[in-house]
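The values are calculated or read from the model by the stated rules, or taken from the named source; none is laboratory data. These numbers come from a predicted model, not from an experiment. For neighbour counting, all protein chains shown are included, and Cβ atoms are generated from backbone atoms with ideal geometry for every residue, glycine included. Protein only, heavy atoms only, side chains kept; ligands, DNA and RNA dropped before computing areas. Shrake-Rupley method; radii C 1.70, N 1.55, O 1.52, S 1.80 Å.
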Amino acid sequence: MNDFQLRELLEEIKDPEVPVLSILDLGVVRSYTVTGKVVDIVLTPTYSGCPAMQVIEDDIVTILKKNGVRDVNVEMVLAPAWTTDWITKKGKQQLKEFGIAPPEKSSVDKSSITGDAKFIGCPQCNSENTEMISQFGSTACKALYRCKDCLEPFDYFKCL
Amino acid sequence: MTEQDALFDYCLRIGDSSLIIGHRLSEWCGHGPILEEDIAIINVSLDLVGQARSVLDYAGKIEGKGRSEDDLAYLRDVAFYRNHLICEQPNGDYGRTIVRQFLFDSFHYLFLNELVNSKDDFFSGYAEKSLKEVTYHMQHSTKWMLRMGDGTEESHGRVQEPLNDLWRFTGEFFAGNEVDEILTSTGIAVDLNKIKPKWQQYVRSIVEDATLTLPTNNWEQLGGKEGRHTEHLGFILAEMQFLPRAYPDATW
């Protein structure tokens with residue numbers, strides 16, 4: 001197996017919560033190397049308590065072993081810390097199409113401390129007439145918003 | 001105490017504090033006052049337990065006796081836990097939970113903000129990662145302090161009373177012991193004297209904005225960092241540790 005084939009396989013592995021988003025577009029794969037029949041993958045976890053990381057790790061091992069890899073070593077590295085900046089442009093587009101508003105700015109928004117409002121576009125109707133209901137949403141990485149035009153609630157992928 | 005012992009103890013202090021207060025918050029799951037807060041508080045809980053896992057895993061490696069994060073979380077008794085006493089205090093009503101969280105989150109934020117400079121690579125990476133999440137925790141508990149303090153007479157009373165009651169546990173945040181002496185000299189641990197005035201200033205300003213009164217009782221209840229806990233930790237561990245202790249070969 002070469003790097004290109006490995007990359008194609010990794011592209012198949014999706015975020016368990018967002019089945020259209022690959023782990024490559026999510027930006028959690030720090031590096032991958034093939035040495036003969038051994039593959040080493042280094043991941044950086046998104047949130048400390050994210051339960052999806054274990055599923056992603058298991059999926060990597062399963063898919064690679066199915067494709068002839070003898071040994072898969074998955075290492076979790078904390079530093080440098082994962083940031084939403086690492087989500088690719090394609091990834092952000094896929095989030096929006098899935099109904100999740102993609103992260104707007106880089107790193108933890110200072111407005112989250114000052115409490116100033118941010119204008120997040122509704123993934124359904126694109127209106128900016130939206131409001132935050134809660135900084136904490138259905139999963140650790142998301143906040144809950146509501147569109148005041150189309151009246152649909154939606155998740156916002158928080159900047160980290 | 002050797003430097004290795006001190007480092008192991010320091011890991012437990014950080015990990016246990018997050019684990020125990022994270023566990024307390026998980027007690028709200030399904031019982032939150034409103035749906036959004038039920039979700040918010042367990043999100044905070046999840047972050048803290050996730051952070052605790054990371055540190056306790058490191059602790060096991062430092063100790064070098066083959067203990068995993070699970071062994072440390074589930075098979076240690078009260079006297080071996082090193083969390084701050086405030087973490088094990090009961091939830092009470094949501095006002096009391098928020099006050100406890102506010103006092104802890106503000107300390108936790110400032111602590112991690114300094115820990116990023118640790119000479120220990122794990123701690124600096126851990127601090128950088130955790131700080132991002134704890135920033136949201138601190139914002140959440142601060143906002144609720146303001147809402148409830150500067151709210152109705154009822155809500156005001158329900159935060160003033162726990163503030164008076166929990167104040168005696170805040171001194172422990174900044175009371176260093178032999179572990180801090182050993183580790184600050186090698187640039188690994190945070191200098192607690194450095195963050196104390198920042199914490200005091202922050203808490204004072206929020207308490208004022210929330211129209212609350214800062215308690216004047218300066219009694220400092222200590223002991224958590226040495227394994228001398230309040231009566232609450234025993235009950236927490238009995239519940240938290242029951243399953244793995246009763247069924248040691250259970251797997252998911």
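Surface listing: A:Cys141, A:Cys125 arranged by accessible area from highest to lowest gives A:Cys125, A:Cys141, probe 1.4 Å. Return one number: the angle in degrees, 0 to 90 and rounded to the nearest 10, between the long axis of the Cα atoms of helix A:89-98 and the longest principal axis of the Cα atoms of chain A. Long axis of A:89-98 versus the principal axis of chain A: about 60 degrees.
For chain A, the longest principal axis of the Cα atoms and the long axis of helix A:52-66 meet at an angle of about 30 degrees. Once the C-beta distance of B:Thr230 and A:Met76 is scaled by a Förster radius of 35 Å, the resulting FRET efficiency is 0.50 to the nearest 0.05.
Only protein heavy atoms count here; on that basis, with a 1.4 Å probe, B:Tyr10 has an accessible area of about 0 Å². Looking at the stretch A:10-89, the accessible area is 45 square angstrom per residue; that uses a 1.4 Å probe and ignores ligands, DNA and RNA. Between A:Val20 and B:Glu154, the C-beta separation translates, for a Förster distance of 41 Å, into a calculated FRET efficiency of about 0.30.
Ordering B:Ser17, B:Ser26 from largest to smallest accessible area (1.4 angstrom probe), what's the sequence?
Details: B:Ser17 5, B:Ser26 45 Å².
In descending accessible area the options line up as B:Ser26, B:Ser17.
Could you identify which residue out of A:Pro103, A:Pro80, A:Pro123 has the top mean-square fluctuation in a GNM of chain A using Cα springs shorter than 10 Å? Between A:Pro103, A:Pro80, A:Pro123, it is A:Pro80 that shows the largest mean-square fluctuation. Chain A and chain B together bury an accessible surface of about 2100 square angstrom, both sides counted, with a 1.4 Å probe and no ligands or nucleic acids included. Separation of the stretch B:30-89 and the stretch B:187-252 by C-alpha centroid, Å? Each part's Cα centre sits 12 Å from the other's.
The label-point distance for A:Asn2 and B:Glu181, in a model that sets each label 7 Å from Cα toward Cβ, rounds to 6.3 nm.
Legend: residues B:Arg168, B:Arg100, sorted from most to least accessible area (1.4 Å probe; ligands, DNA and RNA excluded), read B:Arg168, B:Arg100.
Report, for the protein assembly as shown, the % of DSSP beta bridges that are antiparallel, rounded to 5.
Numbers: 17 of 25 bridges.
Expressed as a percentage, antiparallel bridges in the protein assembly as shown total about 70.
Suppose we flag trypsin sites (Lys or Arg not before Pro) only when DSSP calls them loop and at most 13 other Cβ atoms lie within 10 Å. Which is the longest uninterrupted stretch of chain A?
Numbers: sites that count: A:Lys37, A:Arg70, A:Lys105, A:Lys110, A:Lys148.
Counting at most 13 other Cβ atoms within 10 Å as exposed, the longest clean stretch of chain A is A:111-147.
Of A:Lys92/B:Lys132; B:Lys61/B:Lys198; A:Lys89/A:Lys158; A:Lys14/A:Lys92; A:Lys90/A:Lys148; A:Lys14/A:Lys96, which sit over 22 Å apart, Cα to Cα? Long pairs (Cα-Cα over 22 Å): B:Lys61/B:Lys198; A:Lys90/A:Lys148. Backbone geometry of the stretch A:142-158 corresponds, through the Karplus equation with coefficients 6.51, -1.76 and 1.60 at θ = phi - 60°, to 3J(HN,Hα) couplings of 10, 10, 9, 10, 9, 8, 7, 8, 8, 6, 8, x, 8, 8, 10, 6, 5 Hz, x marking Gly and Pro.
Whenever you get a sec, compute what percent of the accessible area on the protein assembly as shown sits on carbon and sulfur atoms (1.4 Å probe).
Numbers: 9710 of 18750 Å².
Summing carbon and sulfur atoms, their accessible area is 52 percent of the total for the protein assembly as shown.
Taking every C-alpha pair closer than 8 Å and separated by at least 6 residues, the mean separation divided by the residue count of the stretch B:118-252 gives a relative contact order of 30 percent.
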